[in-house]
Every structure is written in C-alpha cells, then in structure tokens.
Amino acid sequence: MSAIRNPIDRALSLALVALLSACASHPEIPSPTVAVPPTSDQMFRNVKMGPPQKAWQWDENRWFTAELDYECHGTLRFVDQKNGINSFVAYNNLPHIIFGSDDPDVVLGAVAGGFLRLVFSIDGGRNFLQEVRGLPGRETIKFVIARQGHIYVGLSLYGSNADGYFKWQQARVRREAKDDRRQEIEELQLVIIHAPLDKAKGRIGWYSVLAPTSYQFRSPYAEAEDVKRIDNFDSLGLPHVGGAVPSAACWTTLTPPLPPKK
C-alpha cells in the first residue's frame, strides 16, 4: 500500500483511526445520557430568532421543527403528530447530512458539539441521546443510516490520494452571491464505517470500516484490524443518491425566511 502524499489525506485517515482500534478486544462503551436542553433564552438573549417552523420531514407523519437565527442556528425539535410527541433534539445548526432508518423506534436527529457526536433516539423520538464518541469532521459525513440494527456512516475523504469505493451522488445548492443560488450534482466515492446499535443499553458499538473484498486501501487505517470485507454492498440497502440535506431548507424552503442579524 502506498503512503499518503497529501497531509490532508493523512489527517482525515488518522481521524478515522480514532474511531477504530487495533486491539483484539474492546473495552465497554459507556451509554449516552439523555440530551438536556441548554438555557438558550439566557445564552442567546441578544440574538433574534425566527418563529418555530418545519425544518425537514422525517417521514409522512413525523418531522423536525426549528427556531433559527440569521445563521440557521437554533433549537431543533422532533414532532410526531400521530403519537403526540414534541421533543427537544439539539441546539445547533441544521444538519448537513442525510439521515434515514428502517427501524420505527430509531430516529437520527443531528450531530452536536465540538466533536460532532451523533444525536439519536431509540424510543421513537420521545427522548434523544447523544453519542459519547465523535465522528470525523462534518464536511466529510454524507449520510448516517440505520439498517437492520446497525448504524452506517458514509464518509468522503479529501485529497488526491484519498480512499473511496462507494458511489454517492447528491444535489447541493451553491450560493454564488446573495440572491444567486445554483443547484449542482456532486458525485463522490465514499468510505463506509458501521457499528451495531445496542437498543437495550442505548448505545452504539465499536465502529468498523466496511470495504469490498477486492478493494486495495491506500490509507494507513487499512492496517487496522477493524476492517471488515463484504462481497455485496447492495445487500445492505444503503442509498447511492442523497436527497436535500436538512440545512438546504435554510436557503430554499423556510417560510418565513431567517431573521436579520440585528
């Protein structure tokens, strides 16, 4: 395997290594605690917030609402109108990530904090938990999907020598100027990591890198023991095409628009 030539490649590869471990056995992962709403009224009392509005649709009967400032930052809540749920998720920017789940009890809501911890619910959105471990940088994460009791994360590594084997296509809105927003198609090759979801203990297990049997890694994390080979990625049911990420609503669909800075 060739060494990484680009320092950005190496930095991101090492960030991914932090999710893994070369040890044969792993210590037990602590369970997350229920996320507690910050005292946003006092913390941001001088910032004008827009009224609560629908930020993105989770499915036909469930959605997220947000109360946002001029930078699309604010309080995010989950609403299940059918079951009378209106729960706090996070105080953060709207996610730049595609979320999905095939489990009605599992709802993925955001990545929060300086270490980009995944915020998720295992009880249908009544309570949201914050993962104890961080994921790699936000701009590298393209999707977080729950499938058959596992969490799958699609990562786009930067650099001319970066690894990637999972085809991903996504529309994105590029703002050339204040009133000039153009949609373009982004085509990438992602790396996939996954971990089992332990619903009984409310936590996510140790992450492993999934890779095609024949794929030859260029990056250092290929030496980690937690690289698992798989013959048929299509059997996982992961999407190859992404819809609009929640953050796109800040510039396209929110009504009324974001409040002014002052």
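The values are calculated or read from the model by the stated rules, or taken from the named source; none is laboratory data. Because the structure is a prediction, the values reported are computed rather than measured. Reconstructed Cβ throughout: ideal geometry from the backbone, glycine too, with neighbour counts over all protein chains shown. The protein model used for the area step is the full one, side chains on, heavy atoms only, and it has no ligands, DNA or RNA in it. Shrake-Rupley method; radii C 1.70, N 1.55, O 1.52, S 1.80 Å.
Listing for the model above:
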| item | result |
| --- | --- |
| Gap separating the Cα centres of the range 145-169 and the range 101-119, nearest whole Å | 16 |
| Efficiency of FRET between VAL132 and LYS48 - r from beta-carbon atoms, R0 35 angstrom, step 0.05 | 0.55 |
| Probe 1.4 Å, all protein chains present, accessible-area order of HIS194, HIS96, HIS73, largest first | HIS96, HIS73, HIS194 |
| Probe 1.4 Å - accessible area at PHE115, Å² to nearest ten | 140 |
| Mean Cβ count within 10 Å, highest first, over the residues of peptides 255-261, 149-155 | 149-155, 255-261 |
| List TYR70, TYR215, ordered by accessible area with a 1.4 Å probe, largest first | TYR70, TYR215 |
| The range 81-164 - percent relative contact order, Cα under 8 Å, separation 6 or more | 25 |
| Whole-Å semi-axes of the ellipsoid equivalent to the range 184-258 (Cα gyration tensor, √5λ, descending) | 31, 19, 13 |
| J(HN,Hα) series, the range 161-168, from Karplus relation 6.51 cos²θ - 1.76 cosθ + 1.60, nearest Hz, glycine and proline x | 10, 6, 6, x, 9, 9, 5, 9 |
| Rounded accessible area of PHE143 (nearest 10 Å², 1.4 Å probe) | 0 |
| Alpha-carbon Rg/Rh ratio, for the range 65-138, with Rh computed the Kirkwood way | 0.96 |
